[in-house]
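Values quoted throughout were computed directly from the atomic coordinates according to the rules given, and no laboratory measurement underlies them. Computed from a predicted model, the values in this text were never measured in an experiment. So basically every Cβ, Gly included, is an ideal-geometry build from the backbone, and we count neighbours across all protein chains shown.
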Amino acid sequence: MTYIASNNRYETMKYNRCGKSGIKLPALSLGLWQNFGSVDIFENGRDIIRKAFDCGITHFDLANNYGPIAGSAEENFGKILKSDLATYRDELIISTKAGYGMWPGPYGDFGSKKYLIASLNQSLKRMGLDYVDIFYHHRWDPETPLEETMGALELLYKQGKALYIGVSNYNAEQLQRAVSILEDKGVPLLITQPRYSMLDRWVEADGLLDVAGRNGVGVIAFSPLAQGLLTDRYLKGIPQNSRASKPNSFLHSENITSELIKKLTALNDIARKRGQSLAQMAIAWLLKDRNVTSVLIGASSVSQLEDNVAGINNLAFSDDELKQIALLIQ
């Protein structure tokens, strides 16, 4: 059945200017880290992506290693782009990244010029694209000179294979160095993508938000729900089939203590008084910061996506609410 996007898709979504660039990103962007790989149900992922665009989410965030298997999220997105979204390509911001292991040997990981250029070429082929809107270096490489990594991004930018460039998982000092190197090359650094949530506030102590703000770099926060902790799923313990119940998960069951559950319950009470779910309030709390351009959400179902999108309907916090939240998450 032919997909036709909703005529009302831009009526409720909010769009924020990304740093000092001319680009605006939706307050919520959709990440394809999980639920869109070869092991997942293709039609479910397709339905989520369609609904996201119908809700005004124009930014779809991928990486070369997203799956599993690695590369399969880009392949599936390419299929959906071709069948459903090709007509709307100029309305979309499509981003991908490289920095984690993709193929055997010394040239398939981290931040060398050879790896980054080969990786983006592979990503473009998987998605059936001539260019991506944003290409990120996915993580700091302690062994490769930063000048080489930024030089690779500069080349891809000047070749037109990436309209904008960014970095992910860089701290404040690393971000400042990247900005300075690129400025000398006449290349703007558009955006940085850190992990950030109510329960994981390292960017505040590190000064990353301040460095981004001073340099006109946008910020897009990933893991805004702390791997699902900032939802109602764990208020009564660890449910079956949750992330914390699975081996090899980033979320470990031993970290879900009675003290944490008590804190989550109190946060949930504040959210309910605001007329929001805990997840919606967690997203709104991030967007209250003027340095945060967008929040990167994941979704395993259309209903979960719709619940998260509804969070932008109430972004204002009273001073009393902010004080209560600060006491709980300090």
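Hey, among Phe53, Phe42, which residue is under 16 Å from Met127 (Cα atoms) and touching a residue at least 12 places away in the same chain (Cβ under 8 Å)?
Phe42
Of all residues in segment 54-79, how many are within 23 Å of Gly166 (Cβ to Cβ) and either among the aliphatic types (A, V, I, L, M) or assigned to a strand (DSSP E or B) (or both)?
Number of matching residues: 8.
Restricting to segment 140-150, and then to whatever is out of contact with any His (no Cβ under 6 Å at 6 or more places or on another chain) and crowded, with 17+ Cβ neighbours inside 10 Å, can you tell me which residue is farthest from Glu204 (Cα to Cα)?
Thr144
Examine segment 86-98 for a residue that is in contact (Cβ under 8 Å) with a residue 12 or more places away in the chain, assigned to a loop (DSSP other than H, G, I, E, B), within 18 Å of the chain's Cα centre (by Cα) and more than 23 Å from Val39 (Cα to Cα), and state whether such a residue exists.
The answer is yes; a qualifying residue exists.
Could you grab me the full set of residues in segment 41-53 that are part of a helix (DSSP H, G or I) and hydrophobic (A, V, I, L, M, F, W, C)?
Phe42, Ile48, Ile49, Ala52, Phe53
Based on what the data block shows, is Ile117 assigned to a helix (DSSP H, G or I), farther than 19 Å from Gly19 by Cβ and either out of contact with any strand residue (DSSP E or B) (no Cβ under 7 Å at 6 or more places or on another chain) or of a type outside the set (S, T, N, Q) (or both)? Step through it out loud before you land on a result.
Working: assigned to a helix (DSSP H, G or I): yes; farther than 19 Å from Gly19 by Cβ: yes; either out of contact with any strand residue (DSSP E or B) (no Cβ under 7 Å at 6 or more places or on another chain) or of a type outside the set (S, T, N, Q) (or both): yes.
So Ile117 fits the description; yes.
Filtering segment 1-34 down to residues that are basic (Lys, Arg) and crowded, with 17+ Cβ neighbours inside 10 Å, which residue is nearest to Leu81 (Cα to Cα)?
Within segment 1-34, the match that is nearest to Leu81 (Cα to Cα) is Arg9.
If you take the residues in segment 272-320 that are assigned to a loop (DSSP other than H, G, I, E, B) and β-branched (Val, Ile, Thr), which one is surrounded by the fewest Cβ atoms within 10 Å (Cβ to Cβ)?
Among those that are assigned to a loop (DSSP other than H, G, I, E, B) and β-branched (Val, Ile, Thr), it is Val292.
Right, Leu30: assigned to a strand (DSSP E or B), in contact with a Cys (Cβ under 6 Å, 6 or more places away or on another chain), closer than 17 Å to Ile134 by Cβ and in contact (Cβ under 8 Å) with a residue 60 or more places away in the chain or not?
When the stated conditions are applied, Leu30 does not pass them.
This table checks each residue for (1) over 19 Å from Asn291 (Cα atoms); (2) of a type in the set (D, E, K, R); (3) more than 17 Å from the chain's Cα centre (by Cα).
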position: Gly160; (1), (2), (3): yes, no, yes
position: Gly166; (1), (2), (3): no, no, no
position: Glu183; (1), (2), (3): yes, yes, yes
position: Gln193; (1), (2), (3): no, no, no
position: Leu199; (1), (2), (3): no, no, no
position: Trp202; (1), (2), (3): no, no, no
position: Gly207; (1), (2), (3): no, no, yes
position: Gln227; (1), (2), (3): yes, no, no
position: Asp232; (1), (2), (3): yes, yes, yes
